[in-house]
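Below: one structure, written as structure tokens.
Rule-based calculations on the coordinates, nothing more; no lab input. Computed from a predicted structure; not experimentally measured. Heads up, the Cβs are rebuilt from the backbone with ideal geometry, glycines too, and the neighbour counts pull from every protein chain shown.
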Protein chains: 4
Amino acid sequence: MKAWQLDGFGADQLHLVERPDIVPGPGEVVIKMSAWSLNFRDLMIVKGSYNPKLRFPAVPLSDGVGEIVALGTGVTDWKVGQRVAGCFMPGWIDGCVTEAKGKTALGGGAAGVAAERVAIDARGIVAVPEHLTNAEAATLPCAAVTAWHALVTSGGVKAGDTVLIQGTGGVSLFALQFAKMHGARVIGTSSSNDKLNRIQSMGAEHGINYRETPEWGEAVRTLTGNVGVDHVVEVGGAGTLAQSFRAVRMGGHIALIGILTGGAATVNPLPVLMRNLRVQGIFVGSRAMFESMNKAIAAAKMKPVVDRVFGFEELPAALDYLESGRHFGKVCLER
Amino acid sequence: MKAWQLDGFGADQLHLVERPDIVPGPGEVVIKMSAWSLNFRDLMIVKGSYNPKLRFPAVPLSDGVGEIVALGTGVTDWKVGQRVAGCFMPGWIDGCVTEAKGKTALGGGAAGVAAERVAIDARGIVAVPEHLTNAEAATLPCAAVTAWHALVTSGGVKAGDTVLIQGTGGVSLFALQFAKMHGARVIGTSSSNDKLNRIQSMGAEHGINYRETPEWGEAVRTLTGNVGVDHVVEVGGAGTLAQSFRAVRMGGHIALIGILTGGAATVNPLPVLMRNLRVQGIFVGSRAMFESMNKAIAAAKMKPVVDRVFGFEELPAALDYLESGRHFGKVCLER
Amino acid sequence: MKAWQLDGFGADQLHLVERPDIVPGPGEVVIKMSAWSLNFRDLMIVKGSYNPKLRFPAVPLSDGVGEIVALGTGVTDWKVGQRVAGCFMPGWIDGCVTEAKGKTALGGGAAGVAAERVAIDARGIVAVPEHLTNAEAATLPCAAVTAWHALVTSGGVKAGDTVLIQGTGGVSLFALQFAKMHGARVIGTSSSNDKLNRIQSMGAEHGINYRETPEWGEAVRTLTGNVGVDHVVEVGGAGTLAQSFRAVRMGGHIALIGILTGGAATVNPLPVLMRNLRVQGIFVGSRAMFESMNKAIAAAKMKPVVDRVFGFEELPAALDYLESGRHFGKVCLER
Amino acid sequence: MKAWQLDGFGADQLHLVERPDIVPGPGEVVIKMSAWSLNFRDLMIVKGSYNPKLRFPAVPLSDGVGEIVALGTGVTDWKVGQRVAGCFMPGWIDGCVTEAKGKTALGGGAAGVAAERVAIDARGIVAVPEHLTNAEAATLPCAAVTAWHALVTSGGVKAGDTVLIQGTGGVSLFALQFAKMHGARVIGTSSSNDKLNRIQSMGAEHGINYRETPEWGEAVRTLTGNVGVDHVVEVGGAGTLAQSFRAVRMGGHIALIGILTGGAATVNPLPVLMRNLRVQGIFVGSRAMFESMNKAIAAAKMKPVVDRVFGFEELPAALDYLESGRHFGKVCLER
């Protein structure tokens, strides 16, 4: 079978190779993959900025969907033919995360899913909502679960709350959709007025161009009657946190998810204590969160925003496209 | 000014009387009332089944809306002319309820609002959403806050959850609206197929006629893939709880709100422990919950369901109508 | 190997039989048992009042401790020689309970542990605190986890709270110990002044003889400045709930655990709503709760109260003794 | 009456002045003060590093205890003669903090208590535990409530948890006492082995000299079986957070309380997201938390650690002493 393999850091080290066919170990299922989605983390992994200790050869990608084609011994909960996705961390079933659970992350501590067939622990997979295409379903494991964990499981977002999203990447658009699904108001930022129009057409109440309004934290306060938002879905990291500290209400909640503005930057934590803020780090989520989210997506017949679908063989081009920042929503692969 | 006064138990003891004009005490506001709404509790109070120790003469009703016309000394948060409603318990501002807070309930421990003007502690009132008519706004203090407390504050309802409502009274319809607002599915019961059609047109997924299906708990299980619902908004009390114990999922939540089936009946609590249920008694809610709910209602431009509006002088007829059970939603008064 | 086997309902249907030796299935461990403890549930199971549909022959008992003597294929987290206990429901690892998890209860839906050797899913066992004897460690899976779940995981007991316990069975004494461990005050009831003295020597502040004071709910209110307790650990069920509703504070918490006063009795639920009570059914708990509790027991070097230790062959006599109600704490078996 | 007055920034601007006697406004009580305690915040206020916009003259100090000597109109909950303390923010009664509530902070947004008599809103005071001396009771409003909020209200500390405290100031020692009260283990850091001995004699399990072990985060991991602590009571701020990120377990809780290492420093927030941490800013707490804490202190007969008591007239010397860092526990004034 074919698989993408990273033989060293750098996009040029990414090779489509032939690998021996895979058989399920005890307790595993083998999934014949049909679609994948890319995350910013995948870019960082390829470049070496995510995990400098990655062992080669490594199969990349955490997100994908496919059909069960084989069951290992002892697997009773699943049948051949079911459409499923692997959890980002197949070892995190429920409850709190631990370091051991964290090490099962696909495409990170464990092998990724960029292959025609993959074997995953049967406890670490979930059925995906029927109304989704394969590409749409492939967007769920990382970005959607992260947004759900941030706003719903951990944030307890409720109707009448106000949520700030940053940019128009996968996590931010899922956060917009989940916020609206719970009756919350959404304010979004972007450097592109065109993208701001698009999030407003998806239900965001206000859009702020952070190029035109560098002090967007203050602008958010003004838009919220000088109170601030209840939740910030923070994907920028240290480079945007100082503005987020302004944008959030006293006693409010910042879900710290991403570091798109750079992993080495620093921030002054003083406002966290003076304003009684909760800064909650979010590292994807558990299978229980994934299942709970799927019930919501199915009930609402919600559609993930897929920007563009590449062929499985076009992974390098898809990563380039993701890096360009031109996307609005998720970038996927399909075969 | 005119006021309704109860001079003893029984509908015939309800008299429209002239009372001296009211002036605000320190920390109070005087509200010139424009609309009221009725609750089942008001019927019970008039009949003597709610509080047998009620002192006469008593002014009934807990729910109403009006305009501030006078401020007592020390009141700085409010202005004359604002449209406000009194909280059901003006003494319950935030946090946990206590017996002292409970005793401030309007029309119960404290004087009610069935008067042209009422004086209420300025800390115990809230501004009402602007898009609502007076009658609509008058429906909020008891039934809407109860439903919000049950499903949102205490229940933490989220998208993908399933909620069971019983009948089509005020609390049940608000619960339906708040559940939908948070992306939840709703199943409803009624003895009238016509009313079941109406809740389905409001977004309920399924309706069960409990006359035709007395074992509706089992029917609910079947409708939920033999799992049961996540939340029951229990307004019937002991007479319906046994079915609710069947209808709810293991580990699920029953918000125990009403005793429409009778206050002396009993129930076997065994399923509560065997099925790890949470039975949460809900006695209206705090000002903080009311304010939080109002933000949600304003954001969604949600409209309460007003069945019929009587004149202020028609209180006895309005109570009769409420008792008949013909209503769908709230019964109001207006002047 | 020897095992206790129930061949029909009734104590005379309990037979010590020879069974074939046991080998671990995939993912299982085999435990050579050294001690067991009895619960009221075991009495009910033998008599047929717990699960009338029990299939015979059935191996009884849920609680026991022993040493791992064999590992099935795929088991990597455990080593031969470790001292462990099975979870009451080996299938409930973390998160919410479900019906599927509930069906894995030892001695109920699944085979019990009253045998020299037992095979259990390796995910459903826990290491027990080192400072405990075998008999002490054997008391933990049902009664201790139940009390921990009730007061700590679900009740969030904290210093300064007041907890009411009923009688001096296993759950009640564990609740007393866990309450004291968290800085809470404890009030206890019993029909024996001698037992009341014993709980006071363990740190309970007050004891009430419910024979002498049938209106003990009122007595508890008086002892708490007419406020009521924060938590009731309710083991009596319908027969004691009415008093518990008096004893608990407005907005308080009743952990509904047992039905020692009878499984068919009923109660009027009205106070639950009028007093904003939370009645939380507790059906033992998850492996995560068990592990969390073990950390607390180890940190405090807490010792469970073992009333009496019988030999493994004396199970019928031990059950008789439990039924007599003469015990104070747990009744155990050892070999 | 005498009062301390700050006429500009700097210790030399602190003057003991004669002020007109005070009468209670509507809803206020007048308290005749008998003891006070100092916080690091008071030092910062005097120097101008806390609130550069402070208006002069300003009465400093937030913490004190005294006897009610006069009641304003409308005050019914209190009697002359009761011993009480003002809340740090008398406007924060319950529920979430807001900016308006934050502005009522004594000695900050509102006048402080460094006077023989002070007038405070009757809703913003609490009775103090009877077994405490005046100086001991005076330590509670800021440091103790902060530690309680951090570990109990927000952190939900429970038996078996491990808590890291930093240094031996007021908040840290209260955190040690509250952690022990709930059955938690404590690890402490200090630059003084003598102080480490003292916290160990108060029940801390381990002490780490951060001068001798600059990588104390790693040392804490080692002491906790390479898992990390459940809670960090972070009083250092940016200068210690990087070590705290190492010291805490995956999914753990950092209560961010102080910035003793400097208010302008910055930190890399990356570990917050990669390790799913919760960084919860804590800005003292509400009256409800204060009351809840007092019940715990009274039940345990807990004694705050008072390092040294100065006379009321010695405020400047007391501040100098606090700044020297020689203290172990609280520095108080008395008259």
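Structure values in brief
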item	result
Cα gyration tensor, the protein assembly as shown - rounded (a/c under 1.5), prolate or oblate	rounded
Selected from A:SER292, A:SER324, A:SER192 as most flexible by GNM, with chain A as the system and alpha-carbon contacts under 10 Å	A:SER324
Residue-averaged beta-carbon neighbours from other chains (10 angstrom radius) around C:283-294	2
Nearest-20 debye value, region B:21-100 charge dipole, Cβ charges on Lys, Arg, Asp, Glu	260
GNM flexibility winner over chain A from A:GLY27, A:GLY251, A:GLY225 (Cα, springs under 10 Å)	A:GLY225
Low-density loop positions, trypsin sites (Lys or Arg not before Pro), region D:1-54 - DSSP coil, at most 10 other Cβ in 10 Å	D:LYS53
Sites B:ASP194 and A:GLU291, calculated FRET efficiency, Cβ-Cβ separation with R0 51 Å, nearest 0.05	0.85
Using a 7 Å Cα-to-Cβ projection, D:THR98 label spacings across copies, nm, ascending	2.1, 4.3, 4.4
37 °C / 0.692 mPa s Stokes-Einstein diffusion coefficient of region A:144-281, Kirkwood radius on C-alpha pairs, µm²/s	228
The protein assembly as shown - share of DSSP beta bridges that are antiparallel (%, nearest 5)	55
Hydrodynamic radius of region D:60-181 per Kirkwood, over alpha carbon pairs, in Å	15.6
Considering only chain A, percent of DSSP beta bridges that pair antiparallel, nearest 5	50
Options B:LEU61, B:LEU38, B:PHE9, ranked by Cα towards positive dipole end of region B:1-128, top entry (Cβ charges)	B:PHE9
Residue mean of other protein chain beta carbons inside 10 Å, B:257-264	2
Ranking of A:MET302, B:MET181, B:MET89 by count of other Cβ atoms within 10 Å, fewest first	A:MET302, B:MET181, B:MET89
Chain C: radius of gyration and largest Cα-Cα distance (Dmax), Å	19.6, 61
Farthest positive-ward along region A:87-157 dipole, Cα basis, beta-carbon charges - from A:ALA137, A:GLY109, A:ALA119	A:GLY109
Of all DSSP beta bridges in region B:209-335, antiparallel share, percent nearest 5	0
Region C:144-281, dipole about Cα centre (Lys/Arg Cβ +1, Asp/Glu Cβ -1), debye to the nearest 20	180
Other copies of B:ALA11: label-to-label distances in nm, shortest first, labels 7 Å along the beta-carbon direction	6.2, 7.9, 8.0
Other-chain or far-sequence residues with amide H under 5 Å of C:ILE125's (modelled H)	C:CYS87
Distances in nm from A:SER49 to the matching label points in the other copies, shortest first (labels 7 Å along Cα to Cβ)	3.5, 6.9, 7.0
Nearest-20 debye value, region C:211-306 charge dipole, Cβ charges on Lys, Arg, Asp, Glu	300
Per the axis that maps chain C onto chain D, nearest residue of C (Cβ criterion) and its distance in Å	C:HIS182, 3
Volume in Å³ per residue [convex hull over Cα atoms, computed for region A:239-335]	163
Within region A:57-156, trypsin sites (Lys or Arg not before Pro) in DSSP loop having at most 11 other beta-carbon neighbours inside 10 Å	A:LYS79
